[in-house]
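Inspection log for the structure reproduced underneath, given as structure tokens.
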Amino acid sequence: MVLKIIEYLGIVFGVIILGLLYGGIARKVIARIHRRYGPPFYQNILDVLKLFAKSNEASHGVLFNLGPVIAFTGVLVSLFFIPLGSFRPLFSFEGDIFVVFYLLVVAPLGMALGAGEGANPNATIGIARGLTLMLGYELVFFLSVLAPMIHYRTASIATLVTVQSAFPHWNVFPFFISAFAGLIALHGMMGEKPFDQVIAPHEIASGPMVEYSGKFLGLLQLYHAVGIIVETGLVVDIFFGGGNWLTFILKTFFLFITLVIINAVMPRFRIGQAVKFYWKYPLVISLIGLLIVAIWR
């Protein structure tokens with residue numbers, strides 16, 4: 001039992017470092033695309049260490065302090081249900097995918113509760129945008145994942161990884177339409193342009209994070225870092241066959257960098273445009289994917 005705890009503590013630490021490195025590399029890639037030099041790829045790690053070394057400048061109440069904790073805990077717990085390459089999930093049972101969906105909603109809601117306590121208008125606007133955007137991408141993502149769940153008659157992430165075997169038996173090929181809709185939903189989940197309305201630095205000064213500093217801001221940085229691995233890892237496990245730890249890292253990194261490159265060259269949607277886009281195109285695509293599965297069966 002002690003060895004198991006040590007193993008998963010090591011996994012958590014490794015995922016945090018990996019997520020911070022992904023974010024740092026993304027900053028470098030975006031800078032190069034914009035013809036800038038950019039910070040070093042390990043800058044995010046230095047930023048987090050610096051933030052945790054600082055004191056918190058302001059507090060607006062208990063919920064304000066608990067918001068980052070709830071957000072980080074939600075995404076961290078979801079990590080224990082997702083196969084990470086060769087590492088089997090700590091919790092695996094029939095229906096665990098619904099638990100992950102629930103936890104992925106709890107995390108941003110926790111941040112919304114904390115930011116709302118700060119009573120900053122920029123934070124309030126960011127929260128409203130985030131909750132509105134969730135109405136678009138959450139439904140599309142669920143419907144896209146529903147296709148392989150119905151076909152294989154399982155709601156276990158580990159089982160969906162197992163049935164895919166090796167290339168070319170990944171779910172992305174027989175469920176290409178559903179996978180395509182899921183990737184569009186993933187783009188919104190990760191808050192990359194054109195779906196970065198929640199943060200929108202040039203409009204609302206980072207939205208929900210505007211009042212946070214010190215350790216709380218550092219915790220939100222860790223929340224984002226773990227979220228990168230959880231969200232891309234979930235898509236890799238369901239549609240791209242999972243794999244050992246090396247192929248898992250390569251797949252998640254390729255998926256993430258693809259979204260980052262799109263982010264670097266796209267403008268930002270207005271929030272109304274973003275939700276309308278999700279309900280108009282990806283939603284229809286995901287429903288077509290479900291229809292094909294129903295006919296295929």
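The values are calculated or read from the model by the stated rules, or taken from the named source; none is laboratory data. Given the structure is predicted, the values throughout are model-derived calculations rather than measurements. Note: ideal-geometry Cβ built from the backbone for every residue, glycine included; neighbour counts use all protein chains shown.
Among the conditions (1) of a type outside the set (Asp, Glu); (2) at pLDDT below 85; (3) not in a helix (DSSP H, G or I), residue 39 misses just one, which is (2). Residue 198 passes every criterion in (1) more than 22 Å from residue 278 (Cα to Cα); (2) aliphatic (A, V, I, L, M); (3) in contact with a Gly (Cβ under 6 Å, 6 or more places away or on another chain) apart from (1). The residues on offer are 87, 142, 81, 93, and the sole one that is of a type in the set (Phe, Trp, Tyr), farther than 26 Å from residue 68 by Cα and in contact with a Ser or Thr (Cβ under 9 Å, 6 or more places away or on another chain) is 93. Only one of the listed residues (42, 37, 8) is surrounded by fewer than 17 Cβ atoms within 10 Å (Cβ to Cβ), in contact with a Phe, Trp or Tyr (Cβ under 9 Å, 6 or more places away or on another chain) and more than 17 Å from residue 217 (Cβ to Cβ). That residue is 8. Looking at the range 174-269, the helices (runs of 4 or more DSSP H) lying wholly inside it that each contain 3 or more residues that are polar (S, T, N, Q) sit at 245-265.
One residue alone among 31, 53 is over 19 Å from residue 234 (Cβ atoms), surrounded by 14 or more Cβ atoms within 10 Å (Cβ to Cβ), among the hydrophobic types (A, V, I, L, M, F, W, C) and free of Cβ contacts under 8 Å to residues at least 60 places away in the same chain, and that residue is 31. Each residue in the range 125-159 was checked for being of a type in the set (D, E, K, R), crowded, with 18+ Cβ neighbours inside 10 Å and over 22 Å from residue 195 (Cβ atoms), and 0 pass.
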